[in-house]
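To keep things clear, I will list the structure first and then write my remarks on it.
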Amino acid sequence: MNNTRNCLLCGHPVRGRSDKKFCNDYCRNGYNNARSARDQVLVRQVNGVLQRNRRILAALLSEAPTARVLREELLLRGFQFHYATHSLKRQGQVYRCCYEFGWTELPEERLRLLRLR
């Protein structure tokens, strides 16, 4: 009976225990890192958008606790309104939030920005 097993990453023969799947630690780590990377692609993309949104809100608010801006200004900076970390209700208004910053719609294509801390 041929009991030859091949490494899941490089295909070289595996020697040792019967349940061993990799020829060495390098191949084991490489295989697991590649698998993890495939699983995390969407998460990394969403985190990138959230971080960009956060930077945009932080720049517009600077040190002020609130600000009013045109919706177009956020769009021109690359803000993506469909991405938020959470929502909250404050003074009867629903704010969509990106970490410690929030925004709510106002009339005439304006937004109210808010620092939550």
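The values are calculated or read from the model by the stated rules, or taken from the named source; none is laboratory data. It should be emphasised that the depicted structure is a prediction, and the values quoted were computed from it without experimental measurement. Glycine gets a Cβ as well: all are built from the backbone with ideal geometry, and neighbour counts include every protein chain shown.
Keeping to the stretch 23-43, report how many residues are more than 13 Å from Cys10 (Cα to Cα) and part of a loop (DSSP other than H, G, I, E, B).
Summing the residues that are more than 13 Å from Cys10 (Cα to Cα) and part of a loop (DSSP other than H, G, I, E, B) in the stretch 23-43 gives 1.
Go through (1) under 22 Å from the mean Cα position of the chain (by Cα); (2) exposed (fewer than 14 other Cβ atoms within 10 Å of the Cβ); (3) not polar (S, T, N, Q) and name the single condition Pro107 misses.
(1)
Can Asn53 be described as out of contact with any Phe, Trp or Tyr (no Cβ under 8 Å at 6 or more places or on another chain) and surrounded by 11 or more Cβ atoms within 10 Å (Cβ to Cβ)?
When the stated conditions are applied, Asn53 does not pass them.
From the list Ala37, Ala59, which one is loosely packed, with under 12 Cβ neighbours inside 10 Å, of a type in the set (A, V, I, L, M, F, W, C), out of contact with any Phe, Trp or Tyr (no Cβ under 6 Å at 6 or more places or on another chain) and within 17 Å of Arg112 (Cα to Cα)?
None of the others qualify; the one that does is Ala59.
Which ones in the stretch 70-96 are of a type in the set (A, V, I, L, M, F, W, C) and either surrounded by 19 or more Cβ atoms within 10 Å (Cβ to Cβ) or not in a strand (DSSP E or B) (or both)?
Leu74, Leu75, Leu76, Phe79, Phe81, Ala84
Let's see how each residue does on (1) closer than 16 Å to Gln51 by Cβ; (2) without any contact (Cβ under 8 Å) to a residue 40 or more places away in the chain:
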residue: Thr66; (1), (2): no, no
residue: Arg71; (1), (2): no, no
residue: Phe79; (1), (2): yes, yes
residue: His86; (1), (2): yes, yes
residue: Lys89; (1), (2): no, yes
residue: Tyr95; (1), (2): no, yes
residue: Cys98; (1), (2): yes, no
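Give Asn32, Asn24, Asn47 a once-over and let me know the one that is surrounded by fewer than 14 Cβ atoms within 10 Å (Cβ to Cβ), in the same structural domain as Glu109 (by TED's automatic domain parsing), more than 23 Å from Pro107 (Cα to Cα) and free of Cβ contacts under 8 Å to residues at least 40 places away in the same chain.
The unique qualifying residue is Asn47.
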